[in-house]
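J.: I'd like to ask you about the structure that follows.
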Amino acid sequence: MIVANTLFTRLVRNSPYLLIALLVVPVLGGLLGVLLPAFGWFPALGANEFGLFGFVQLFNTPGIERMVLLSFGTSLISTLLAFVITVLILASYFNSPWLKRIQRLLGPILVIPHAAAAIAIGFLITPSGFLSRLISPWLTGWDIPPDWLFPHDPYGLSIILGLTLKELPFLLLIALGVLAQPEIGKTLKAQHKVASSLGYCPMTGFFKVILPSLYGYMRLPILAVLAYSSASVEIPLILGSNTPPTLAVAIMQWFNDVDLSLRIKASSGAILQILITLSLLGSWCLLELLVKKCSTSFLVNGEREYGGMLIQRVTHLITTVMLSVIGLALVAMVLWSFAGFWSFPDLLPQQLVTLHWSSALLQMQTPLFNTLVIAISTTLIAIALTLFVLEAEQQNTKTISAISGFIIYLPLLIPSIAFLFGLVWLFEQVNSQHAYINVVFSHLLFVLPYVFLSLANSYRRLDPRFSTVAASLGVQPSKIFWQLKLPLLLSPILIASALGLAISFSQYLPTLLSGAGRINTITTEAVTLANGASRRTSAVYALMQMLLPALFFILAWAAPKLFFRNRG
Amino acid sequence: MKSQSMSSLKIDNLQLSQQGKLLLSLNEEVKGGEVLTIMGPSGSGKSTLLNWLVGMLPSDFYANGELYLNQQIITNTASHLRNIGLLYQDPLLFPHLTVEGNIAFAMPKGDKKTRKDEISEALNQVGLAGMEKRCPQNLSGGQQARVALLRVLLSKPKAILLDEPFSKLDSQLRQETRQLVFEQIQRYSLPAVMVTHDESDAIAAQGKVITLDALPLNQAAS
Ligand SMILES: Nc1ncnc2c1ncn2[C@@H]1O[C@H](COP(=O)(O)OP(=O)(O)OP(=O)(O)O)[C@@H](O)[C@H]1O
Ligand SMILES: [Mg+2]
């Protein structure tokens with residue numbers, strides 16, 4: 001397509017370079033900013049000789065093996081669990097209306113920030129939490145809170161619970177998204193039908209026919225989940241033990257220590273973190289190969305029924321337990337946010353008060369303001385840039401190259417703890433003192449990929465003949481963009497904006513680090529309060545964390561309906 | 001063969017309706033080796049009839065009547081226990097399995113070696129000798145159709161249903177494949193029900209032809 005040369009088209013044409021630069025420079029710069037100190041080069045401390053003493057220090061840290069093991073184990077087990085449960089749910093409810101219902105119940109959990117989810121689960125499983133109240137004293141005879149270790153158990157079980165519950169909805173929605181694609185879904189369903197007519201019970205048919213094909217489409221998202229969970233900070237910080245914590249949490253503590261000399265050890269730790277993440281991805285791929293190898297003869301052995309009924313019952317049980325855990329955690333949190341006096345085995349508080357809400361809302365003003373300002377600026381930039389890049393794509397009539405497509409997801413694949421510290425160092429080098437701008441800049445790294453992912457499909461599906469017709473009528477490209485495409489895409493743009501806001505709301509580490517601890521948002525406050533004294537205030541903050549994104553999603557969903565109804 | 005005299009698929013007073021309005025009614029018996037051909041305009045309910053026969057009627061529809069396979073009532077039997085094979089216009093081979101794997105998937109359990117030999121022989125018979133280890137995606141349309149046919153036949157069904165099985169093949173291939181399918185149906189003495197839009201299919205089947213009516217327009221509209 002030959003495109004007129006105007007300011008608008010020049011802007012559009014150059015936008016992909018801006019996008020790539022905005023993502024690559026901070027990530028690679030950040031990695032460099034960690035790599036140098038990791039090998040001993042840290043001029044601020046007078047250390048400017050390369051060496052391995054950072055690593056020596058790191059491996060001499062008491063409990064370092066446990067930290068590594070915790071990071072590795074919790075993320076591998078939780079991802080495995082989330083995957084297995086996803087598959088069981090799909091297999092058991094493949095042709096049942098329950099699949100849609102479960103999807104609708106789990107969907108909203110996706111936008112609950114990790115910190116809020118962790119806080120909610122904590123409320124459920126602490127000794128004086130909702131769970132032990134539910135079974136006391138009638139079943140257990142407990143009059144005082146039991147002496148159990150949850151949360152903060154040294155084995156990372158609470159972390160695994162938290163991670164699994166967060167990963168499961170994501171994997172399930174990915175799988176359902178694949179099945180909803182007209183071509184793939186229809187073929188898979190027809191193949192399942194063939195298996196059924198060949199005498200396979202529905203469950204075995206799913207495992208032997210659907211799963212091998214479906215898995216191919218789920219592979220990358222699974223690896224992304226694995227990478228993310230191996231280095232995530234919020235859930236281990238809130239639900240994990242501190243003696244020792246996971247490696248990612250430990251790195252964060254070393255970086256934030258007043259003792260600057262710990263920075264070198266922390267940087268070496270960040271490198272180790274990357275290695276752990278890589279080895280996790282490698283282990284997963286090995287596991288995959290092994291399963292593939294072992295299952296070839298199983299697939300074609302002609303066995304048509306493997307205790308499908310039993311598996312189905314187990315799945316019913318797991319699904320019920322999981323949905324109850326989520327439901328109870330939410331109820332517990334709401335109750336705590338209104339609780340007056342609430343003595344132990346009582347299931348409900350003696351009195352309900354609104355005091356915690358009113359005082360928290362007063363305290364909350366600055367963090368709330370910061371949260372909104374940062375999220376809105378980040379999202380606006382992300383949406384504008386994404387739209388320009390997608391428009392550039394249409395004007396060049398080809399999609400962006402595979403490399404650029406990959407780069408967009410770079411910040412999601414590389415453990416953020418590994419490059420964010422380097423990024424902070426980079427900010428210091430260019431003397432960027434403006435905390436707000438730094439925070440927006442770092443949020444952009446995580447908001448952009450999601451906004452792009454969310455908008456790209458709708459934009460690419462837009463019928464190109466609209467613009468051809470308009471162009472043939474002599475309409476300027478900029479006018480086509482502003483007055484034709486954007487109104488047509490109103491709904492997807494609003495949804496992508498809500499998503500962008502939700503992602504920004506939920507950021508903990510980037511806010512904490514880029515803001516140099518000076519910028520408080522709802523999320524950073526919620527995490528700080530989570531292990532603090534007042535469970536009630538913490539409940540209010542965690543609920544606010546859930547309400548904010550929910551509010552914007554509802555707005556994004558309702559606004560086009562109102563808008564178009566007025567037109568008649 | 002003893003079963004030859006008994007083999008039959010009987011549709012007893014079937015009435016299929018969607019949201020209270022009658023789609024079709026049918027009363028037929030198909031004997032082993034015979035092909036019952038169903039024709040009719042698009043949307044007249046041909047595929048829906050086959051869905052009922054295999055026990056996968058979408059919840060939108062309501063069926064009244066009984067189905068007998070070899071004198072046994074199977075109206076409420078689960079689809080995977082019916083022993084009724086299905087052949088669609090798309091071969092729907094499983095992409096994660098080889099040609100051999102696709103056929104082995106369908107065969108009853110048994111000794112590995114015996115199954116392997118059986119597959120090789122069957123492939124040989126339909127002109128696909130030595131293609132055991134090929135991926136289904138790398139076969140031509142006609143070859144895929146033949147593998148799909150073998151897959152159904154070697155699963156030892158007691159009846160077979162064909163939903164426009166040849167419509168994606170060009171005319172030369174269509175004739176060959178059709179002949180092969182009908183030969184095999186006779187050889188295994190299977191009752192068969194075939195849905196088609198093509199007159200020549202119906203003639204080649206040499207069996208009874210039933211033409212379903214289009215939904216009366218006023219009824220469809222209401
Ligand atoms: N899953 C379904 N749910 C609801 N209605 C359906 C479903 N499948 C088909 N129908 C409707 O039932 C009627 C019969 O459809 P059917 O697929 O049986 O037609 P057909 O005779 O096979 O047509 P064609 O020759 O185009 O394949 C049509 O009105 C169709 O819209
Ligand atoms: Mg049809």
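The values are calculated or read from the model by the stated rules, or taken from the named source; none is laboratory data. All values derive from a computational prediction rather than experimental measurement. In this analysis, Cβ positions are derived from the backbone assuming ideal geometry, glycine residues included, and neighbour counts consider all displayed protein chains. With ligands, DNA and RNA removed, areas are computed over all heavy atoms of the protein, side chains included. Shrake-Rupley method; radii C 1.70, N 1.55, O 1.52, S 1.80 Å.
J.: Indicate the gyration tensor shape class of chain A (rounded, prolate or oblate), computed on the Cα atoms with a ≥ b ≥ c the square roots of the eigenvalues: a/c under 1.5 is rounded; otherwise a/b larger than b/c is prolate and the rest oblate.
T.: rounded
J.: If you don't mind, there's one more thing I want to ask. Just the number please: accessible area per residue for the protein assembly as shown, 1.4 Å probe, all protein chains included, in Å².
T.: Spelled out: the 1.4 Å probe surface of the protein assembly as shown, per residue, equals 46 Å².
J.: Under the rule that an exposed site lies in a DSSP loop and has at most 16 other Cβ atoms within 10 Å, name the longest stretch of chain A with no chymotrypsin sites (Phe, Trp or Tyr not before Pro) of that kind, not counting the sites themselves.
T.: That would be A:342-568.
J.: So, one more: As an exercise, identify the GluC sites (Glu not before Pro) in region B:115-222 lying in DSSP coil whose Cβ has no more than 16 other Cβ atoms within 10 Å.
T.: B:Glu132
J.: May I ask you to derive the relative contact order of region A:56-332, considering only C-alpha pairs under 8 Å and at least 6 residues apart, and to give it as an integer percent?
T.: Value for region A:56-332: 32 percent.
J.: How many lysine pairs are close in region A:56-332, with Cα atoms under 19 Å apart and the two 8 or more places apart or on different chains?
T.: Final tally of qualifying lysine pairs is 8.
J.: Please find the FRET efficiency linking B:Arg134 to A:Phe369, where r is the Cβ-Cβ separation and R0 is fixed at 60 Å, and quote it to the nearest 0.05.
T.: So the FRET efficiency works out to roughly 0.40.
J.: If a/c stays under 1.5 just call it rounded; otherwise compare a/b with b/c (prolate if a/b is bigger, oblate if not). Do that for region A:56-332, with a ≥ b ≥ c from the square roots of the Cα gyration tensor eigenvalues.
T.: Oblate shape, in that a/c is at least 1.5 and b/c is the bigger or equal ratio.
J.: In nm, give the distance between the simple-model label positions of A:Gln429 and A:Leu275, each being 7 Å from the Cα along the Cα-to-Cβ direction.
T.: My value for the distance between the label points is 2.4 nm.
J.: Within 13 Å, Cβ to Cβ, of B:Arg174, how many net charges do the neighbouring residues add up to if Lys/Arg are +1 and Asp/Glu are -1?
T.: -3
J.: Moving to a separate point now. Just add up the charged neighbours of A:Ala47: K/R +1, D/E -1, any other residue whose Cβ is under 13 Å from the Cβ of A:Ala47.
T.: Summing Lys and Arg as +1 and Asp and Glu as -1 gives +1.
J.: Let me ask you something else. Given H placed on each backbone N at 1.01 Å, which residues far from B:Ile210 in sequence or on other chains put an amide H within less than 5 Å of it?
T.: Excluding prolines and chain starts, which carry no amide H, the hits are B:Thr37, B:Ile38, B:Met39.
J.: Can you give the longest stretch of chain A with no exposed loop site, where a site means trypsin sites (Lys or Arg not before Pro) in a DSSP loop (not H, G, I, E or B) with at most 13 other C-beta atoms within 10 Å?
T.: With a cap of 13 other Cβ atoms within 10 Å, the longest stretch comes to A:1-397.
J.: Most fluctuating residue of B:Gly33, B:Gly20, B:Gly142 in a GNM of chain B with Cα springs under 10 Å: which is it?
T.: Ranking B:Gly33, B:Gly20, B:Gly142 by mean-square fluctuation puts B:Gly20 first.
J.: OK, next. Tell me, what % of the accessible area of chain B is carbon and sulfur with a 1.4 angstrom probe?
T.: 48 percent
J.: For the interface of chains A and B, what total accessible area is buried with a 1.4 Å probe, rounded to the nearest 100 Å²?
T.: 2000 Å²
J.: So, one more: What distance in nm separates the two pseudo spin-label positions at A:Leu260 and A:Glu303, each 7 Å out from Cα along the beta-carbon direction?
T.: 6.5 nm
J.: Name the trypsin sites (Lys or Arg not before Pro) in region B:111-161 that are in a loop by DSSP and that have at most 16 other C-beta atoms within 10 Å, would you?
T.: Listed in order of number, the matching sites are B:Lys133, B:Arg134.
J.: Could you go through region A:444-454 in sequence order and give the Karplus-derived ³J(HN,Hα) for each residue, using 6.51 cos²θ - 1.76 cosθ + 1.60 with θ = phi - 60°, rounded to whole Hz, and x for Gly and Pro?
T.: Each residue of region A:444-454 in turn: 4, 4, 9, 7, 3, x, 5, 4, 4, 4, 6 Hz.
J.: Measure up B:Lys116/B:Lys168; B:Lys112/B:Lys156; B:Lys46/B:Lys109 against 27 Å on the Cα-Cα distance and list the ones that go over.
T.: Violating the 27 Å limit, Cα to Cα: B:Lys116/B:Lys168; B:Lys46/B:Lys109.
J.: Residues with beta-carbon under 15 Å from that of B:Ala148, excluding B:Ala148: net charge, scoring Lys, Arg +1 and Asp, Glu -1?
T.: Local net charge: +2.
J.: Using the beta-carbon distance between A:Arg460 and B:Ala78 and R0 = 60 Å, what value does 1/(1 + (r/R0)^6) give for FRET efficiency, to the nearest 0.05?
T.: Efficiency computed from Cβ-Cβ geometry: 0.90.
J.: Under a point-charge model restricted to the Cβ atoms of Lys and Arg (+1) and Asp and Glu (-1), what is the dipole moment magnitude of the protein assembly as shown relative to its Cα centre, in debye to the nearest 20?
T.: 840 debye
J.: On to the next question. Which residue fluctuates the most in chain B, going by a Gaussian network model with Cα springs under 10 Å, if the choices are B:Gln15, B:Gln186, B:Gln125?
T.: B:Gln125
J.: Okay, moving on. For region B:147-156, what does the Karplus curve 6.51 cos²θ - 1.76 cosθ + 1.60, with θ = phi - 60°, yield as ³J(HN,Hα) per residue in whole Hz, taken in order and with x for Gly and Pro?
T.: 5, 4, 5, 4, 4, 5, 5, 6, 7, 6
J.: Which distance in nm do the two modelled labels at B:Tyr68 and A:Leu551 give, with both placed 7 Å along the Cα-to-Cβ direction?
T.: 7.0 nm
J.: Between B:Arg187, B:Arg174, B:Arg82, which gets the highest mean-square fluctuation from a Gaussian network model of chain B, Cα cutoff 10 Å?
T.: Of the options given, B:Arg187 has the highest mean-square fluctuation.
J.: At a Förster radius of 35 Å, what calculated FRET efficiency corresponds to the Cβ-Cβ distance of A:Lys186 and A:Leu28, to the nearest 0.05?
T.: Efficiency computed from Cβ-Cβ geometry: 0.25.
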